[in-house]
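Take a look at the structure below.
The values are calculated or read from the model by the stated rules, or taken from the named source; none is laboratory data. Note that the structure is a prediction, hence the values are computed from the model and not measured. Ideal geometry is used to build each Cβ from the backbone, glycine not excepted, and the neighbour counts take in all protein chains shown. Note: accessible area is taken over every heavy atom of the protein model, side chains too, but ligands, DNA and RNA are not part of it. Shrake-Rupley method; radii C 1.70, N 1.55, O 1.52, S 1.80 Å.
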Amino acid sequence: MTNPLLADWDTPFGLPPFDKISDEDFAPAVDQALSDSRAEIDRIADNPEAPGFADTVEALETAGQSLDKALSAFYAVASADSNPAREALQRDFAPKLSAHSSAITSNRALFERIEALWQQRDELDLTDEQQRLLYLTRRGFVRAGAQLEGPASDRLKEIKSRLATLGTEFTQNLLADERDWTMPLTEDQMTGLPDFVRSAARAAGGEDGPVITLSRSLIVPFLQFSDRRDLRETAWRAWTSRGANGGATDNRAIAAEILELRHERAQLLDYETFADYKLETEMAGTPQAVRDLLMQVWNPAKAQALADQDRLTKRLHADGFDGPLEPWDWRYYSEKRRAAEHDLDEAELKPYLQLDNMIEAVFDCAHRLFGLEFEAVDVPLYHPDCRAWNVTRNGTHMALFIGDYFARPSKRSGAWCSTIRDQQTFTAEIRPTVVNVCNFAKGDPALLSFDDARTLFHEFGHALHHILSNVTYESMSGTSVARDFVELPSQLYEHWLEVPEILQKHAVHASTGEPMPEDLLKRLLDASTYDIGFQTVEYLASALVDLGFHDREPPADPMQRQAQILEEIGLPHAIPMRHATPHFAHVFAGDGYSSGYYSYMWSEVMDADAYAAFEETGDPFDPDMAKALEANILSQGGSDEAEDLYTAFRGRLPGVEALLKGRGLDKAA
């Protein structure tokens, strides 16, 4: 019987045949696809003809398609619906895939063909996209160590293989800690919790009774509303100690080894630090440029956070508790302060933010801006929670969009956008299959916090980057851009959540069907920057720790280095960093955001300025501005430098002023 992962997929939208794939199919399919890919690479490298762009660079672009197919199906389920078999496969695949990648970039004959083309690039009569592809291909080989020889080359292969293994272990340890901890609640321990939190706790516990889990969609509202300070402390300590509980799932030694290996890797490639290596290809360019941006925002954000800490401490003392405000107190007293100062109670707000209605709001904005239409389709997907929509424009298929929205023990935490198939026009007119994964609490109906709704819009902003992509080569499509540019479309799209007419239309009460009252809408929007000191400080603390890990010699003890950095910047006592080292998956699960967690703020400088362009027209859905955004950014993928793409849209690069104003920090001390 033919392995379904290796067969031609005669499926709607070119989806993997998830209903026919078993876990036993993955290993033989990947092994066979690796063998096929190696043969393809050898044919390119050993071609006796003089190197040409088509038989070298474009041939590389299409090599390994069977491997890409098998892995796209595997990683879709491994990240969002894990089980012991899939976790074992991840551990097995990580070093194999690293070795395969290293074998390609260290293939001397292959690199010599690429280098020969690079040296004669001005004589090849290439299009702009072809020139870009040649540049990116050569750069990728050089940064992967193609110019190293002998022991240095061998050592780099060892480092990359070990890093792949460690990243997988880090992720699986974190998932295990999140999956295994629960805090049972009796009815009298649920005092202060609104109905939506009680309902979510009961759903999480099932027949065993209500529990609090480490899912963000459950633990955050518990910390906001629970009257039981002792239980808030227990929950907070469990949440913030993920990956640092000792035993087999402890990530601290893994983090230390990862930092050591990254530094050694950078030095083998002749960079002083890993941050110097990593940031060379980003918009920021240098560690100092990153630090300068973060510190411009840190000082006003810290001033605001300290002022808020004093206000919340007074509320703590008024409740009869002596001593300082603790981290497990902040959200509780901040929620009370928000209710008092803005007459805004999340329990009042949440019934208006039904998941299904907010999905419709996301689609409505995409239609108004870009003319996209969304039709629900029934196709085999990897989990019953998933839903799919055919995305069209003027009757033309643009993408298949899959939403996987609910938290479950088999899903890693957080929210992300990925693809099962990427856009390209080189070998055929291929439209993408895009997946948004979130971790919202189930309910009947499912209700979101305003932060949840913002996450929904954020991830769909990434999806739009794929859906509207219109480039020739797959390797440059969609979000294949600088890390500190990739968050621009996602963070920009968040702004449309706060457009009053969108909330007036889609924020409808779950029980009464009535639209959100005008006074509640006004209070919600007036409080849009409430608690911004806390939010900014917890994020910046993580970004500065990430940078401080990578812009110098690696620390022997990352936890000690983390503490030193937080002391140097004066992190307020009651605010922890958003992601402590042992569960900082952005940085340690892989290289994606290593030295790059700052990128959310770098992109925010641009998203604040980009949305201001719409505001200046007086119409948040201005058609000319939307066309310019699509033409210059969303359709372009990585076909040009990020600075040039943004400048083509806005005419200039922005400063930090719009960001500070948007966060309400422009007047902070």
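Observations on the model:
- Number of the exception - ASP276 against (1) closer than 21 Å to PRO576 by Cβ; (2) open to solvent by 10 Å² or more (accessible area, probe 1.4 Å): (1)
- Among residues of the stretch 69-86, those that are buried (at least 17 other Cβ atoms within 10 Å of the Cβ) and either in a helix (DSSP H, G or I) or over 25 Å from the mean Cα position of the chain (by Cα) (or both), counted: 12
- Residue that is farthest from LEU464 (Cα to Cα) [pool: residues in the stretch 397-425 that are among the aliphatic types (A, V, I, L, M) and open to solvent by 30 Å² or more (accessible area, probe 1.4 Å)]: ALA407
- Scanning the stretch 393-441 for residues that are of a type in the set (Lys, Arg) and part of a strand (DSSP E or B) returns ARG393, ARG421.
- Filtering the stretch 252-287 to residues that are more than 14 Å from SER594 (Cα to Cα) and over 24 Å from the mean Cα position of the chain (by Cα) leaves ALA253, GLU264, GLN267, LEU268, LEU269, ASP270, TYR271, GLU272.
- Test result for PRO582, in a loop (DSSP other than H, G, I, E, B), buried (at least 19 other Cβ atoms within 10 Å of the Cβ) and not basic (Lys, Arg): no
- Of all residues in the stretch 150-189 being over 23 Å from the mean Cα position of the chain (by Cα) and acidic (Asp, Glu), the one that is nearest to TYR333 (Cα to Cα): ASP188
- Looking only at the stretch 94-110, residues that are surrounded by fewer than 16 Cβ atoms within 10 Å (Cβ to Cβ) and farther than 25 Å from PHE26 by Cα come to 2 in all.
- Positions within the stretch 190-236 being within 12 Å of ASP329 (Cα to Cα) and either of a type in the set (Lys, Arg) or not in a helix (DSSP H, G or I) (or both), in sequence order: SER226, ASP227, ARG228, ARG229, ARG232
- Pairs with Cβ under 8 Å, 6+ apart, first in the stretch 511-535 and closer than 22 Å to ALA446 by Cα and open to solvent by less than 20 Å² (accessible area, probe 1.4 Å), second polar (S, T, N, Q) and at pLDDT 90 or above: MET516/GLN504; LEU521/GLN504
- Residue match in the stretch 542-554 (condition: surrounded by fewer than 18 Cβ atoms within 10 Å (Cβ to Cβ) and touching a residue at least 40 places away in the same chain (Cβ under 8 Å)): yes
- Candidate set: the stretch 321-344, residues that are without any contact (Cβ under 8 Å) to a residue 24 or more places away in the chain and outside any helix (DSSP H, G or I); chosen: the one nearest to the chain's Cα centre (by Cα): GLY323
- Within the stretch 594-669, helices (runs of 4 or more DSSP H) holding 2 or more residues that are among the charged types (D, E, K, R), open to solvent by 30 Å² or more (accessible area, probe 1.4 Å) and free of Cβ contacts under 8 Å to residues at least 24 places away in the same chain: 599-617, 623-629
- Of all residues in the stretch 362-381 being within 21 Å of the chain's Cα centre (by Cα) and surrounded by 22 or more Cβ atoms within 10 Å (Cβ to Cβ), the one that is farthest from ARG242 (Cα to Cα): ALA366
- All told, ARG113 meets the bar of being of a type in the set (Lys, Arg) and open to solvent by less than 40 Å² (accessible area, probe 1.4 Å).
- Test: ALA428 is free of Cβ contacts under 8 Å to residues at least 12 places away in the same chain, surrounded by fewer than 16 Cβ atoms within 10 Å (Cβ to Cβ), closer than 30 Å to ARG578 by Cβ and over 23 Å from the mean Cα position of the chain (by Cα): no
- Any hit, the stretch 288-301, residues being part of a helix (DSSP H, G or I), of a type in the set (S, T, N, Q) and either closer than 21 Å to VAL197 by Cα or open to solvent by less than 70 Å² (accessible area, probe 1.4 Å) (or both): no
- Checking each residue of the stretch 159-170 against the condition of being in contact with a Phe, Trp or Tyr (Cβ under 7 Å, 6 or more places away or on another chain), farther than 30 Å from SER102 by Cβ and not small (Gly, Ala, Ser) gives no match.
- Hits in the stretch 251-268 (condition: open to solvent by 30 Å² or more (accessible area, probe 1.4 Å), in contact with a Gly (Cβ under 8 Å, 6 or more places away or on another chain) and either farther than 29 Å from GLU487 by Cα or not in a helix (DSSP H, G or I) (or both)): LEU268
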